[in-house]
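Right, one structure below, let's go through it.
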Amino acid sequence: MSLPLHLRSYREKSKDELTRDFFNVPLQASLPGPSDPPFVVKMRERPYRSGQEELQSMDINAVISVEGKEEVYAGRLSLLPPFLCFISLDRKSCRCTIPLYTIRRVERLNSRAGVFALSLATWHGMRIILQLTSLLPTAEHFAILLRDALKSQLAAMKQLKPFLPSLYSEYLLSSPVSSAAGQQQTNDHLLLGTELNEKAGNVGTEAESDLRGPGGEGKGIYQRGLGEQFGFPGDARKMRERSKMKLWREYFMIHGRNLTLLRYPPFQRLLQVGLPSRLRGELWEVMSGSVYLRFANPETYGLLLSQNAGKSSQSTDEIEKDLNRSLPEYKAYQTEEGLARLRRVLVAYSFRNPELGYCQALNIVVAGLLIYMSEEQAFWLLEVLCDRILPGYYSPSMEGTLLDQRVFESLVHRCLPMIQEHFVSVDVQISVASLPWFLSLYINSMPLIFAFRIVDCVLAMGVKVLFQIGLAVLKINGEALLEVTDDGMFINLMRSYFATIGDSAHPDHPDPRVRAITNFQELLVVAFREFNVITDETITAERKRLRAIISDEIEKFSKRAAVRNLKNIGKFSKDQIGIIYDHYFSAICSPEAGPSTYSGNAQPLSGDQFDQPRIQVDAQGRVETRIDHRTFRVFISQIATWAREETVTTNAFIQRTDRRVADHELIDRLFFAWDSQDQGTLALQDVVLGLNRVMTAGLMESIEWFFELHDKDKDGFLTKDEVIQLSESLLFIFRNEPGDIYLAAVSKFILNAYEFGDATAPEGSVDERIPIDGDKETASGARERSNSSAGPHNLPYLNLATFRMVVLADELLENFFANDLTASFQLEQTGDEDYHQAHQRSEGLLGGLMNLVVTNENKNRLNRLADGFGAALGKHAEWRKPALSKTIEPSTSGDLRARESLLTPAQQAGQFQRQRSSSAVSQTSTKTVESTTTVGTPDEKRSLADVEARYREESQMVKAAQEAVMHRPNFAIDAIGDSDDEEGAEGEGEEDVMDEVEAFLKAHGDDDSGLKGEQKKVAEDLLKAEPMGRYQGKKKESADLVDL
Amino acid sequence: MSEETPVKAVQVKLVLLGEAAVGKSSLVLRFCQGDFNENTSPTIGAAFLTQKCRLENRIVKFEIWDTAGQERFHSLAPMYYRNAQAAVVVYDITKAASLEKAKAWVKELQRQANANIVIALVGNKLDLVSDTSSTPAPPASAESPAEDEEDSSEEPSSTPSPAENESDDARQVSTAEAEAYAKESGLLFFEASAKTGHNVGEIFTEIAKTIPFDTISPKPTTSQSANRRSGANNGENNNVNLGEGQQAKKGGCC
Ligand SMILES: Nc1nc2c(ncn2[C@@H]2O[C@H](COP(=O)(O)OP(=O)(O)OP(=O)(O)O)[C@@H](O)[C@H]2O)c(=O)[nH]1
Ligand SMILES: [Mg+2]
C-alpha cells in the first residue's frame, strides 16, 4: 500500500513558472552530462542556472515585426534564459518562443531618437525586429541581460547544426520541392505561391504515390514515426495531405521553422485543419516545447535504456501486460518492431520517473505518438505531457485526473446548466464518460484520424482544449442527453456519437456544401467558438478552488483502503485504527521526519517529492509505504507522552506549549522491537500490532514487554548492562515528573535488581557483590560503581521472574507498570481531517491574516520576539510537561525545589520566574493579537482585493459563457466554400483546405489585431534601419555576434 | 413488484473488478458478444456494455461496468460500483497474486457497496491449465470434490501431452483453495475461460437467479443524489469520484 504523500507538498506555481509554462519553456534547460545519472533534476525552487552565474529573467513591452511580413504586433517580450519569448497583447495572434542558441546575431538599430530597437538574425535567416517600448533605461537593462544570456549559449549553438537534420522541416525545405520533380532543381521553392505540386503531379510515380510530401522510408535522416514504414492512418488524398504540406512549407519560409517557428495567425488555421502526417511529429514537439528538452539532453534516452537494460520492476511488468493491448488495430502494433518501440519508450519513462512508473492509458497515448514520432521524440513529449500539460493525470493516485474531472463537472455546471441539472436529477456522473476522454486524449474514444487532430490542438494550446472539446460534445448532444436516465444510456449515446463523428453533420441539408460538413468539423467549431471563454486561467482558477477537496478525498480514500487492508487490527476499534493511521501519515509528512536520503548529495534525484527509502517493494513487487526510525520517532512522539518534550513557556505575552520530538534509546528499542521482520522500517501493520501490545497490556504484560525491550539477545535474561539501560529508560520516562519519588524508586530498583539478581543469576555471572552505600544511591552512582566492579556485564543476569519481583517490590513501579505506562500511550485525534481544505481556507479572507502568523517561520519569529520581551520584563518562564501525571501546574507542586539539583542552570533560572502574575498574561496576550493585526493588514488588504478582482473576472466570464451558449449563432462553417470531388488528385488544391481554414478564421473572429498607422510605420522603418555605426563589420567570433 | 411482469426486463447493474489483465473485459466480451479477442485494449476508467439474460420467469438486463484493473485506478472504482446489485470479482488462476487482489476487492465491496450486493468470484483462463484439477462439471455445482487434487498436483505427468504438462504447471490457484474462500465469504464461485467460453454464461445466469429482486428499487432516490451533487460548492460530501462514503446511506434504501 503506498500512500499519497506528495499531495501535502503541493504548492501553486510561481508567476515565473507560469510564464515558462505558457511559452512551453522547460523549467530547466539542460540535464546533467552523460556521466551523471540521466535524470532531469527538478529544481523548482531555484531560478534557472547556467554554470555558476545566474541568468535573470525579465519582461518588457515590445513591438515585433518580421522581414517579409505585413503584420506588426505590440506585446510583451520575456527573456526567460535561455529563451526569448513574445506574446501579442491579445494573447493569441502572435506568439513565439525562440531559443537563444538559434540567434546568430543581435544588433541594436540606429533609428529615430527615443526608439530602442534590436534586430535579431536567426539560424534560419529570419530577421526579427524588436522595438523595446519601455523607458530607455529599462530597455538598456533588458539588452544587457539578453547579451549575458546569449553569451551563455555559445556551447549550445555548436550543437545546433548536428541537431537540425533530425527535423523533417529541414529536409522538407532543403530537398527539391517535389521529391520526384527532377526539373525543379532551381530555387523555386524559395518563392511563394509556386505551383510545383501541380506540375509534379505528372512526373514520376513516386511523387504520385507520396501525397504526404517528400521523404518517406530511406530518405533523409530526420526522425520519423512508425507511420513512415507502416502507413499513416487515414486516406492521404481525402486529408489533402499534399496541399497542407505545401501550405506549411510556405509558412515555414516566412515564419521560421522548428526551433525558430513563430506563431502568426495562419498558424492557428493550419493547425486546426489537422497537421499533415509527415510533419505532425515535429510540430508536436515544437508546439509542446519537448523539442527543447530533446535538444538539451541528447544522451538521456539512450542512457536510460542502456543503464536499465534487463531490469524489471512492477512498472515493466505492467507495461508488458499492456503492450499487446495498445492500438492493436494499427498494423505496426501487430509487429515486433512496433511493440519494441512502444516498450522501450514506456520502460525508459518508467525509470526516468519511477514515482509515476507506468499508468494504463499511457500505452495508448504513446502508441499514438509513435505513429508520428521517433522513440526519442515520443519520450520527451511524454515527459512534457506528464509533467506540464497533464500534471498528475497518470500519477499513482491520479489526482490530476480526478481534479480535472471535477473541474470539468464544474464547467458543465456553469456553461451547460440544464444538462448538469438533468444529470443530477437522474444521478448520472459525467465522469463515467469523460474520464477516458481526458486520460487518453480522446485517442481511445474516437477514430484515430480525428483524435489526432484533437491532440494537435492540445499540444499547441494546452489542456483547455480537452475541456473545450468535452463541453462541445455535451452541448452538441444536448437534446439527447436530456433524455438520458442512466449511466448506460449516457455511455451508449456518447459511443454512437463518436462512432459517427466522420459523418455529415447535416445529412439532409439541400446544399451539398453544408452536407459536406462533418460532425467533427462542427465539434471543433463549437469547441473553439462557443467555449473559447474557457481559458488557461479558468482552468487554473478552478483547479485551485477544487484541489483541496480532491486531495482530502484521496487521502481519505487511501486511509480507508490502508485500514481495510490491515490483516490484524488487534483490539483496536476502527476509529482508533483511523487515529493511528492519521498519526502514521502525518509523521511521514512532517518536516521533522525530514528527507532521509539526501545525505551528501545536495541535489535530490527525480521523484524527489517522495523519499525513496520510505517506499519499499513488498513481496508481490508492489510499492509499499513504510517508515524509518527517524519518522517513527515523530510518530511515537504524537502518541506516547514521554516520547516528546513539551515545554510550556510563559512570557510576557502568552503561554504556549512547544512540542518537540524526544530522542532516547528507548524509542529506538521500541522501533526495533516492532520491526518483526527486521526490515529496518515499519509498515502500518507493524505499528498497529506494536501499539496493540503496549496499549492493551495489564501489569504483567507491561512488565514483560518492557523487559523484552531491553533483552537484546532475547535469551530471557538481562545482563547487568541491560539492567542499567532499563533503569535509564525508566528515568527517561520519569524525567519530567515533579518531585523525587520516581528518582528514588528507580534508585531502589537498581539496588534491588542487583541484590535479587546476585541471588538468582545463573552460575558464573556474578563475581562480586555490589556494596550498598545506604539510601543516597543515585542511578549514575550505581552505574559508576557497577562499571568499576570487576564482574562481567554482558552475561545473563536477571530473568523475567526476578525482574517482576523487583518491580512488584516497589509500589510506585508497580503502579507505573499497572497503569501509567499503558496510559502513557494516547490516541488523540490529529485534527488532520480535511487537512487540505483547512489549509486552503486559511488563504481565504480571515485566513490570510492567520496565515501570516501560522506559517511556522513567522510563528517562531513571533515566539522568539515574545520570549525576548518576556525575558527583558523578567516575565519569561519555561517548564516541562510531565509525561505521566495530568498537567500539574508547577506552582501547585510542593516539592519542586527538591529536584532543582537535576535541572540545568538555565532551567533553574526560569524556575524562579514561574511565579508570574496571571493578570499580566491575560493583559498582554490581547496585545499580541493586536500587534499581529497590524502586521497583517497591508497584505491582507491586497489579498482581499485580489480575491475580489478574481471574483469579478470569473463572474463576468461565466456570464459571457452563458450568453455565448444562449445565442448560438449559425455556424460560420455553414458558409464553407466549395468541396471538390476528392477523388481527383488534380482537383485537390489548397483552396479546399483554405476553405476549411476560412471557417475557423471566421469562427475565431477578427484575429488580425496587428498594429496600424503610425506605430506600424515606425516598425517598417526599422526594417530598413542600419545597425549602430561602430558595430557594423561582420564578425565571425560567435562571442561577438552579440552587438548591443 | 417488478417480477410480476415477466415480459419487462429487470435492470441489474453489475460491476467487474479484479487485477489488470485477468480477463475482465474478455469475459464481458464473451458474454455480450460471444466473442474473444487476444488483443483488447486495457480498460481506461471503465467500459460499459449491456446484455439480456432470460430466466424462467423474467428477463434480466445486465448493465455491465467493466473497470480498469491497474492499482492506480482503484480510487475510481467506487464511482462504478455504487448502486451495483451484483459484482463479478475476477482473478487469473495462473497468477496467485491476482487472487489476493480479488480478496481485497471482495472485502471492499462487502464494506462499501450495496448491502445486498451479490458477489461472484471467478477464476479465469481455465483454458490455460489442463483438466486434471478442474472438474468437468461447472464448478458451481461441484461443492467440494476438488479437495484432493491440490495435493496431486505434484505429479503433473498424469497428462499425456507435453504441451498440456506445461500448462498444468501454469495453475497457481487451486480450485479447492478459491472455492473454500468463496464459501466462507458467501460468494458464488466459478472457474471459467473467456477464450473458450466455458462457464461464462453460467456466471451471469447464476447471479441473475441469486439477486433478491423484490428488494430492488427501480431507481435510487434522487433527493439523495441531488444532495450529493449540490455539495460542489460547500465541499462537503460531494464525493463524485471517490464516494465510498455514501454507500452506507444508499444501502439503506432497500
Ligand atoms: N488464455 C486466455 N487468455 C485470456 C482469457 N481471458 C483473457 N485473456 C487474455 O488476457 C489478456 C487480458 O485480458 P483483458 O480482458 O483485457 O483483461 P482485463 O482484466 O480487462 O484488463 P484491464 O482492463 O487492464 O483491467 C488479453 O491478452 C486476453 O487475450 C482466457 O480465458 N484465456
Ligand atoms: Mg479491461
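For the range A:93-128: of the residues being of a type in the set (A, V, I, L, M) and within 19 Å of residue A:58 (Cβ to Cβ), which is nearest to the chain's Cα centre (by Cα)?
Within the range A:93-128, the match that is nearest to the chain's Cα centre (by Cα) is A:98.
Pairs needed: first member in the range A:111-125, open to solvent by 10 Å² or more (accessible area, probe 1.4 Å); second member anywhere, modelled with pLDDT of 75 or more and in a loop (DSSP other than H, G, I, E, B); C-beta distance under 8 Å; at least 6 residues apart or different chains.
From residues that are open to solvent by 10 Å² or more (accessible area, probe 1.4 Å), the pairs are A:124/A:256; A:124/A:257.
Report yes if residue A:385 is within 14 Å of chain B (Cβ to nearest Cβ), within 30 Å of residue A:19 (Cα to Cα) and among the hydrophobic types (A, V, I, L, M, F, W, C), otherwise no.
no
Looking at residue B:17, is it open to solvent by 30 Å² or more (accessible area, probe 1.4 Å), within 14 Å of ligand 1 (Cβ to nearest atom), modelled with pLDDT of 90 or more and under 29 Å from residue A:327 (Cβ atoms)?
Spelling it out, it is not the case that residue B:17 is open to solvent by 30 Å² or more (accessible area, probe 1.4 Å), within 14 Å of ligand 1 (Cβ to nearest atom), modelled with pLDDT of 90 or more and under 29 Å from residue A:327 (Cβ atoms).
Let me confirm something: among A:343, A:352, which residue is modelled with pLDDT of 95 or more and in contact with a Leu (Cβ under 7 Å, 6 or more places away or on another chain)?
Going through A:343, A:352 in turn, the sole match is A:343.
Residue B:195 - would you say it is within 16 Å of ligand 2 (Cβ to nearest atom), open to solvent by 70 Å² or more (accessible area, probe 1.4 Å), modelled with pLDDT of 85 or more and under 29 Å from residue B:73 (Cβ atoms)? Can you show your working first?
Details: within 16 Å of ligand 2 (Cβ to nearest atom): yes; open to solvent by 70 Å² or more (accessible area, probe 1.4 Å): yes; modelled with pLDDT of 85 or more: yes; under 29 Å from residue B:73 (Cβ atoms): yes.
Criteria met by residue B:195.
Can you pull out every residue in the range A:320-357 that is open to solvent by less than 10 Å² (accessible area, probe 1.4 Å) and within 16 Å of ligand 2 (Cβ to nearest atom)?
Residues satisfying the conditions are A:322, A:323, A:326, A:327.
Considering only the range B:58-97, how many residues are open to solvent by 20 Å² or more (accessible area, probe 1.4 Å), within 16 Å of ligand 2 (Cβ to nearest atom) and within 15 Å of the chain's Cα centre (by Cα)?
Final tally of qualifying residues: 0.
Go through (1) buried (at least 20 other Cβ atoms within 10 Å of the Cβ); (2) of a type outside the set (Asp, Glu); (3) at pLDDT 90 or above one by one and return the number of the condition residue A:239 breaks.
All conditions pass for residue A:239, except number (3).
For residue A:675, indicate whether it is at pLDDT 85 or above and in contact with an Asp or Glu (Cβ under 8 Å, 6 or more places away or on another chain).
yes
Since residue A:603 meets every condition but one in (1) at pLDDT 90 or above; (2) part of a loop (DSSP other than H, G, I, E, B), which condition does it not meet?
Of everything listed in (1) at pLDDT 90 or above; (2) part of a loop (DSSP other than H, G, I, E, B), residue A:603 misses just condition (1).
Please indicate, with yes or no, whether at least one residue in the range B:168-185 is within 14 Å of chain A (Cβ to nearest Cβ) and at pLDDT below 90.
Within the range B:168-185 (the criterion being within 14 Å of chain A (Cβ to nearest Cβ) and at pLDDT below 90), the answer is no, since none of the residues qualifies.
Give just the number: which of (1) away from ligand 2 (no atom under 14 Å from the Cβ); (2) surrounded by fewer than 19 Cβ atoms within 10 Å (Cβ to Cβ); (3) not in a loop (DSSP other than H, G, I, E, B) does residue B:32 not satisfy?
(1)
Only residues that are within 11 Å of chain A (Cβ to nearest Cβ) and open to solvent by 20 Å² or more (accessible area, probe 1.4 Å): list them for the range B:102-116, please.
B:103, B:104, B:107, B:110, B:111, B:112, listed by residue number.
Return the residue satisfying two criteria in turn: it lies in the range A:297-336 and is of a type in the set (A, V, I, L, M, F, W, C) and in contact (Cβ under 8 Å) with a residue 12 or more places away in the chain, and of such residues it is farthest from the other protein chains (Cβ to nearest Cβ).
Residue satisfying both the conditions and the ranking: A:303.
Does the range A:463-473 contain any residue that is in contact (Cβ under 8 Å) with a residue 40 or more places away in the chain, within 14 Å of chain B (Cβ to nearest Cβ), among the β-branched types (Val, Ile, Thr) and open to solvent by 10 Å² or more (accessible area, probe 1.4 Å)?
No, the range A:463-473 has no match at all.
Count, please, the residues in the range B:16-47 that happen to be among the polar types (S, T, N, Q), without any contact (Cβ under 8 Å) to a residue 24 or more places away in the chain and at the interface with chain A (Cβ under 8 Å from one of its Cβ atoms).
Total satisfying the criteria: 3.
Just give me the residues in the range A:464-511 being outside any loop (DSSP other than H, G, I, E, B) and of a type in the set (Asp, Glu), in sequence order.
A:479, A:487
Among the residues of the range A:388-417, which ones are at the interface with chain B (Cβ under 9 Å from one of its Cβ atoms), open to solvent by 10 Å² or more (accessible area, probe 1.4 Å) and free of Cβ contacts under 8 Å to residues at least 60 places away in the same chain?
Those that are at the interface with chain B (Cβ under 9 Å from one of its Cβ atoms), open to solvent by 10 Å² or more (accessible area, probe 1.4 Å) and free of Cβ contacts under 8 Å to residues at least 60 places away in the same chain: A:409, A:413.
Among the residues of the range A:418-432, is any touching a residue at least 12 places away in the same chain (Cβ under 8 Å) and under 19 Å from residue A:363 (Cβ atoms)?
no
Working only within the range A:70-81, note down all residues that are surrounded by fewer than 22 Cβ atoms within 10 Å (Cβ to Cβ) and part of a loop (DSSP other than H, G, I, E, B).
Once the filter is applied, which keeps residues that are surrounded by fewer than 22 Cβ atoms within 10 Å (Cβ to Cβ) and part of a loop (DSSP other than H, G, I, E, B), the range A:70-81 yields A:70, A:71.
Give me the pairs: first residue in the range B:59-73 and within 9 Å of another protein chain (Cβ to nearest Cβ), second residue of a type in the set (Asp, Glu), beta-carbon distance under 8 Å, and six or more apart or on different chains, which are they?
Note: pairs meeting the criteria are B:63/A:486; B:63/A:487; B:65/A:487; B:69/B:19; B:70/A:318.
Give the range B:36-69 a look and list any residue that's of a type in the set (S, T, N, Q) and not in a strand (DSSP E or B), or say none.
Of everything in the range B:36-69, those that are of a type in the set (S, T, N, Q) and not in a strand (DSSP E or B) turn out to be B:37, B:39, B:40, B:41, B:43, B:57.
Scanning for something more than 16 Å from ligand 1 (Cβ to nearest atom), of a type in the set (A, V, I, L, M) and touching an Asp or Glu at 6+ places or on another chain (Cβ under 6 Å), does the range A:294-315 turn up at least one residue?
Residues of the range A:294-315 that are more than 16 Å from ligand 1 (Cβ to nearest atom), as a first pass: A:294-313.
Cutting the leftovers down to of a type in the set (A, V, I, L, M) gives us A:296, A:303-305, A:309.
So of that shortlist, the ones also touching an Asp or Glu at 6+ places or on another chain (Cβ under 6 Å) come out as none.
No, the range A:294-315 contains no residue that is more than 16 Å from ligand 1 (Cβ to nearest atom), of a type in the set (A, V, I, L, M) and touching an Asp or Glu at 6+ places or on another chain (Cβ under 6 Å).
If a residue must be in a loop (DSSP other than H, G, I, E, B) and either within 25 Å of residue A:258 (Cβ to Cβ) or among the hydrophobic types (A, V, I, L, M, F, W, C) (or both), how many such residues does the range A:424-463 contain?
The total comes to 8.
The values are calculated or read from the model by the stated rules, or taken from the named source; none is laboratory data. Since the model is a prediction, treat every value here as computed from it, not as a measurement. Note that we place each Cβ from the backbone using ideal geometry, even for glycine, and neighbour counts take in every protein chain shown. These area figures cover heavy atoms from the full protein model, side chains too; ligands, DNA and RNA do not enter into them. Shrake-Rupley method; radii C 1.70, N 1.55, O 1.52, S 1.80 Å.
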